[in-house]
Amino acid sequence: MRSAAKHRWRDAVVWTAALCLIALTARLGFWQLDRAAQKTALHEAQLQQARAPALSLPELPATAAEAAAAEHRAVAVQGRWLPTHTVFLDNRPHGPRAGFHVLTPLALADGRMLIVQRGWWPRDAADRTRLAAPPPPAGVVDVRGRVALAPMRLFELAPEAGGVIRQNLDLDAYRQETRLPLLPWLLVQLDDPAQPVDDGLVRQWPEPAAGAHKNLGYAVQWFALAALVAVLLLWFQVWRPRRRRASSFFSSSPPPPSA
């Protein structure tokens, strides 16, 4: 009697734990599907922004909130480079090659200034501090690009001081450091097929990616785990006991009488 009660209690614990695990993994799977749908919608919004007409000088975002609303919008402006304030962001690979993102302020015609991520430059393998990137062209230049909120930020143990080579660049801190009237966003320069810029920098930036395929992969994994737990539960708690009882029944049955 006690053994039967113990067996029933153990079965109840197994069923409860397994059903909770199935519910949890299935919920995580649906959550990943929801994340994938959100990223897909965001990606479509980014592409729609990129296809909109380019912003001119009077239309440039003046605040961080306006920049966030115009993120990925195309921009076409004229200005003069300020090469003395150029910054090289380290540990920015391009394919298998190590290198820098080159950022230079651009003085606009209305007196405002804009930090521009001009392109990628390879690192000197023999001396990482040697910066052989050519200076930007002098005079008034046409610059085309897209709105970004800030440079891509990498992990760092402590905030870096000034210097030409840096790990990251905080736009507010850089504005205070240089005392330049910089707009609170970043312009990622793009190649203009009609007027190519011959400065040696690489501007093959990755397009804004949805990243939904990762979430779909995670969802498949969670649903597969839920299905695996369900199959194991049915096997050990339903099918296997039935087979054992059936086998025990036939083995304990008396043989048929001989003729």
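Given 5 Å bins starting at zero, what is the percent of C-alpha pairs of region 55-189 in each, up to the one with the largest pair distance?
Spelled out per bin, shortest first, that is 2, 10, 21, 23, 21, 14, 7, 2, 0, 0.
Tell me, what is the percent relative contact order of region 55-189, built from C-alpha pairs under 8 Å that lie six or more residues apart? If you can, show how the numbers build up before the last one.
Values: 256 pairs, mean separation 42.6, N = 135.
It comes to 32 percent, rounded to a whole number.
Rounded to the nearest 5, what % of DSSP beta bridges with both residues in region 55-189 are antiparallel?
Values: 27 of 34 bridges.
If we restrict to bridges inside region 55-189, about 80 percent are antiparallel.
What angle, in degrees between 0 and 90 and rounded to the nearest 10, separates the Cα long axis of helix 212-234 from the longest principal axis of the Cα atoms of the chain?
10 degrees
Sort the following peptides by mean Cβ neighbour count (other Cβ atoms within 10 Å, averaged over residues), highest first: 7-15, 34-42. Let's see the in-between values first.
Numbers: 7-15: 10.9, 34-42: 15.0.
Averaged packing, sorted descending, gives the order 34-42, 7-15.
[x] 31.2, 115; [y] 19.4, 67; [z] 23.6, 94: which one is Rg and Dmax of the Cα atoms in Å as calculated from this entry?
After the calculation, the listed value that fits is [x].
Go ahead and estimate [θ] at 222 nm for the chain from helices alone: -39,500 (n - 2.57) per DSSP H run with n ≥ 4, summed, over the residue count, rounded to 500.
Details: 5 runs with 100 residues, N = 259.
Theoretical 222 nm ellipticity from helices: -13500 deg cm²/dmol.
For a protection proxy built on the mean count of beta-carbon atoms within 10 angstrom, sort 73-79, 176-182 highest first, please. Show your work: numbers first, answer last.
Values: 73-79: 19.0, 176-182: 14.1.
Per-residue mean Cβ counts within 10 Å order the peptides as 73-79, 176-182.
When N counts the residues of region 83-157, how does its alpha-carbon radius of gyration compare numerically with 2.2 N^0.38 Å, as a ratio?
Values: Rg = 13.7 Å, N = 75, 2.2 N^0.38 = 11.3 Å.
Taking the Cα Rg and dividing by 2.2 N^0.38 Å, one obtains 1.21.
Scattering from the C-alpha atoms of region 187-241 alone, worked out with Debye: what is log10 I(q)/I(0) at q = 0.12 1/Å?
Values returned for q = 0.12 Å⁻¹ are -0.56.
What translational diffusion coefficient, in µm²/s and rounded to a whole number, does the Stokes-Einstein relation yield for region 1-118 at 10 °C and a viscosity of 1.306 mPa s, taking the hydrodynamic radius as the Kirkwood radius over Cα pairs? The partial results should precede the final answer.
On the way: Rh = 20.0 Å.
In µm²/s, the coefficient is 79.
Starting from the Cα-Cα distance between Thr84 and Leu228, subtract it from 0.36 nm times their residue separation and give me the gain in nm to one decimal. All intermediate terms of the calculation are to be shown ahead of the outcome.
Numbers: separation 144, 0.36 × 144 = 51.84 nm, distance 6.17 nm.
Working it through step by step, the gained length comes to 45.7 nm.
Bear in mind these aren't lab numbers, they're just calculated from the coordinates by the rules spelled out. Keep in mind that this is a model prediction, so the values were computed, not measured. Ideal geometry is used to build each Cβ from the backbone, glycine not excepted, and the neighbour counts take in all protein chains shown.
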